[in-house]
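Q: Quick one: structure below, then a few questions.
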Amino acid sequence: MTKKFLIGAATVLLALTSCHNDNTNTETSVSFDEVLTTRRSVRSYDPAKKISEAEVRELLKATQEAPSWANQQPSKYYVAIGEEKLKAAMEMIGANKDRVADAPVLIVSTFERGKSGYFQGQATNEVGEGWGAYDNGLSNCYLILKARAMGFDTLIMGMRDADQLRALFNIPEDETVMAVIALGYRNEEPTHPDRRDLDDIVKFF
């Protein structure tokens, strides 16, 4: 190989590397610890910033990596992103409506009953359907952490009218409506609430 050829090949390789770095998704440059420490429950959203369906799909894809009882994957999500459904769903979250009025997306989180915590149709232990809620919580945890890694913010809301949401999104009767999750971009920097001392919640034996 000639010296000229080697220099040219090196130049091309450098260009490709630079191009790859320029296109690196922002989330890959954020450490896991940063995701944990910057995630907050946000109650004020920037009305000028929207989120696309493709971005929500990427976000919800992450929830499929969450663990669940015997890989039952009981969690389901119903996304209000269109103007009509979003406006309607806003009326079904109680006092939180005013707090998340500018969030561009609301996600209803449910789980299918009779899956997690069951074996051959029988509850495996005294927790019963609580395992479905547990698995749904794990799935939602993946959701809010992935959201933060993508630069979004969230608020998990327990105040909601389950019956109205069921009718609005045609949610089957064998699913329990758990939470509504607001998704958007923070409009202000939220405070960091104090956490309990580690020794208050952990015991080593």
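The values are calculated or read from the model by the stated rules, or taken from the named source; none is laboratory data. Just so you know, these numbers come straight off a predicted model, no measurement behind them. Note that we place each Cβ from the backbone using ideal geometry, even for glycine, and neighbour counts take in every protein chain shown. Each accessible area value is taken on the protein alone, full model and side chains, heavy atoms only, with ligands, DNA and RNA left out. Shrake-Rupley method; radii C 1.70, N 1.55, O 1.52, S 1.80 Å.
Q: Against the longest alpha carbon principal axis of the chain, how many degrees, from 0 to 90 and to the nearest 10, is the axis of helix 3-22 turned?
A: Tilt relative to the chain: about 20 degrees.
Q: Another question, then. Would you work out which of 118, 141, 162 lies farthest towards the positive end of the dipole of region 53-205, given +1 charges on the beta-carbon of Lys and Arg and -1 on that of Asp and Glu, about the Cα centre?
A: So the residue furthest toward the plus end is 118.
Q: Let me ask another. What percent does the relative contact order of the chain come to when contacts are Cα pairs within less than 8 Å and at least six residues apart?
A: In percent, rounded to a whole number, it is 29.
Q: Assuming 0.36 nm per residue, please report the length gained on full extension of the stretch residue 38 to residue 161 beyond their Cα-Cα distance.
A: The span from residue 38 to residue 161 would gain 41.3 nm if fully extended.
Q: State in Å² the accessible area per residue of the chain; use a 1.4 Å probe, count heavy atoms of protein chains only, and round to the nearest integer.
A: Spelled out: the 1.4 Å probe surface of the chain, per residue, equals 63 Å².
Q: In whole Å, what is the distance between the alpha-carbon centres of region 151-165 and region 99-116?
A: If we compute the Cα centre of each part, the gap is 5 Å.
Q: Now a separate question. If I stretch the segment between residue 204 and residue 141 completely, what's the gain in nm (0.36 nm per residue apart, minus their alpha carbon distance), one decimal?
A: 20.1 nm
Q: What's the angle, to the nearest 10 degrees (0 to 90), between helix 53-63's Cα axis and the longest principal axis of the chain?
A: 70
Q: In nm, give the distance between the simple-model label positions of residue 97 and residue 195, each being 7 Å from the Cα along the Cα-to-Cβ direction.
A: Between residue 97 and residue 195, the simple spin-label model gives 3.6 nm.
Q: Now a separate question. Multiply the residue separation of residue 54 and residue 122 by 0.36 nm, subtract the distance between their alpha-carbon atoms, and state the gained length in nm to one decimal.
A: Using 0.36 nm per residue and subtracting the Cα-Cα distance, I get 20.6 nm.
Q: Could you check how much of the accessible area of the chain is carbon and sulfur, as a whole percent, using a 1.4 Å probe?
A: That fraction is 54 percent.
Q: Could you give the dipole magnitude of the chain about its Cα centre, charging the beta-carbon of Lys and Arg +1 and that of Asp and Glu -1, in debye to the nearest 20?
A: 640
Q: Which of 89, 191, 150 sits closest to the plus end of the dipole of the chain, meaning its Cα is farthest towards the positive end, when Lys and Arg get +1 and Asp and Glu get -1 on the C-beta?
A: 150
Q: Would you rank 111, 169, 119, 204 by solvent-accessible area, highest first, keeping every protein chain in place and using a 1.4 Å probe?
A: So, going from the largest accessible area down, we get 204, 119, 169, 111.
Q: Here are some values of Cα extents along the principal axes in Å: (i) 86, 37, 34; (ii) 74, 47, 40; (iii) 68, 41, 32. Which one was computed from this structure?
A: Here the calculated entry is (ii).
Q: Of all DSSP beta bridges located in the chain, what percent are antiparallel, nearest 5?
A: Within the chain, antiparallel bridges account for around 95 percent of the total.
Q: Next question. Would you please classify the overall shape of region 39-98 from the alpha carbon gyration tensor, given that a ≥ b ≥ c denote the square roots of the eigenvalues, rounded means a/c under 1.5, and beyond that prolate means a/b larger than b/c while oblate covers the rest?
A: Note, shape of region 39-98 comes out prolate.
Q: List the GluC sites (Glu not before Pro) within region 54-99 that DSSP assigns to loop and that have no more than 13 neighbouring Cβ atoms inside 10 Å.
A: 65, 91
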